[in-house]
Amino acid sequence: AQSVAQPEDQVNVAEGNPLTVKCTYSVSGNPYLFWYVQYPNRGLQFLLKYITGDNLVKGSYGFEAEFNKSQTSFHLKKPSALVSDSALYFCAVRDPGDYKLSFGAGTTVTVRA
Amino acid sequence: EAGVVQSPRYKIIEKKQPVAFWCNPISGHNTLYWYLQNLGQGPELLIRYENEEAVDDSQLPKDRFSAERLKGVDSTLKIQPAELGDSAVYLCASSLGRTLTDTQYFGPGTRLTVL
């Protein structure tokens, strides 16, 4: 069965500093990996996904993520965080051959001015 | 392009009452999903539709939950009767449904409070 772990409940960074949100996964085959962001009282917004190809994936709002097969990780990164990046971030994985998307528990990011 | 639309956004009911949530997916999206999101957790799939057919309802508590997507577009999720533990956010999502790599796009959700 597929699963996702987000080891940090909270990440706090100063505005302008690099932001990293960690994600590790477990699937039986090559994974499809996704990042979503959720602002208060709103649904999940799609940021980026890895399906195949280049391990570095670029997405919306300046975010990128690096797929590392040997470490089974898909960490989300942003070179320079903004206060408006403060939100709840979810990593999700899909096993090829299955439509089910399994989400992590989420990481709350707080960017202080 | 309009996103996934859900209504109501908030609902407060007393336990044992029925409640229904409505979802309109992105135009042209054949696959529709209902998810349950408890506080502090990631969403969990309740049911998936391909057009009007429920192809995965294994996680739907069928004793009190039901769903329909009669014309393969809009969908309704119902709870009858509601219990205190049903308080959560109910999210609807849709995708094109053509390949397994399709992205799921989520609506704003309905926050249910059962008193």
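A few remarks follow.
- Karplus (6.51, -1.76, 1.60) ³J(HN,Hα), θ = phi - 60°, over segment B:24-39, in Hz, Gly and Pro reported as x: 10, x, 5, 4, x, 7, 7, 9, 10, 10, 10, 10, 10, 10, 7, 4
- Most mobile of B:ALA93, B:ALA67, B:ALA54 in a GNM of chain B (Cα contacts under 10 Å): B:ALA54
- GNM flexibility winner over chain B from B:ILE12, B:ILE47, B:ILE26 (Cα, springs under 10 Å): B:ILE12
- When only Cα pairs below 8 angstrom with a gap of at least 6 residues are kept, segment A:1-46 shows a relative contact order of 36 percent.
- When only Cα pairs below 8 angstrom with a gap of at least 6 residues are kept, chain B shows a relative contact order of 37 percent.
- Electrostatic dipole magnitude of the protein assembly as shown [Cβ: Lys, Arg +1; Asp, Glu -1; Cα centre; debye, to 20]: 340
- Debye-sum result for the protein assembly as shown in log10 I(q)/I(0), which assumes one identical scatterer on each alpha carbon, at q = 0.11, 0.12, 0.13, 0.17 Å⁻¹: -0.55, -0.66, -0.77, -1.24
- Taking the convex hull of Cα positions in segment A:20-108, its mean projected area over all directions (nm²): 5.8
- 3J(HN,Hα) along segment A:99-106: 6, 5, 9, 9, 9, x, 7, x Hz, from the Karplus curve 6.51 cos²θ - 1.76 cosθ + 1.60 with θ = phi - 60°, whole Hz, x for Gly and Pro.
- Relative contact order, percent, chain A [alpha-carbon distance under 8 Å, six or more residues apart]: 38
- Candidate aspartates and glutamates - alpha carbon under 17 Å from B:LYS78, same-chain residues fewer than 8 apart omitted: B:GLU14, B:GLU44, B:GLU52, B:GLU53, B:ASP56, B:ASP57, B:ASP63, B:GLU68, B:ASP86
- If you run the Gaussian network model on chain B, springs between alpha carbon atoms under 10 Å, then out of B:VAL19, B:VAL73, B:VAL55 the most flexible one is B:VAL55.
- Convex hull projection area averaged over all views, segment A:3-49, Cα basis, nm²: 4.5
- Per residue, the protein assembly as shown exposes 48 Å² of accessible surface when a 1.4 Å probe is rolled over the protein heavy atoms with every protein chain present.
- Restricting the calculation to Cα atoms, every distinct pair contributes to the Kirkwood radius of segment B:1-94, found to be 13.5 Å.
- Charge dipole (chain B, unit charges on Cβ, about Cα centre) - positive-most of B:SER58, B:VAL114, B:TRP34: B:VAL114
- Projecting the Cα atoms of A:TYR39, A:LEU19, A:THR72 onto the charge dipole of chain A, computed from C-beta unit charges around the Cα centre, puts A:TYR39 farthest toward the positive end.
- 25 Å Cα-Cα reach of A:LYS49 towards lysines, excluding residues that sit fewer than 8 places from it in its own chain: A:LYS22, A:LYS58, A:LYS69, A:LYS77, A:LYS78, A:LYS100
- With a 10 Å cut-off around each Cβ of B:97-103, the average count of Cβ atoms from other chains is 4.
- Selection of trypsin sites (Lys or Arg not before Pro), segment A:48-89, meeting DSSP coil and at most 14 other Cβ within 10 Å: A:LYS69
The values are calculated or read from the model by the stated rules, or taken from the named source; none is laboratory data. Since we're looking at a predicted model, the values are computed, not measured. Glycine gets a Cβ as well: all are built from the backbone with ideal geometry, and neighbour counts include every protein chain shown. Each accessible area value is taken on the protein alone, full model and side chains, heavy atoms only, with ligands, DNA and RNA left out. Shrake-Rupley method; radii C 1.70, N 1.55, O 1.52, S 1.80 Å.
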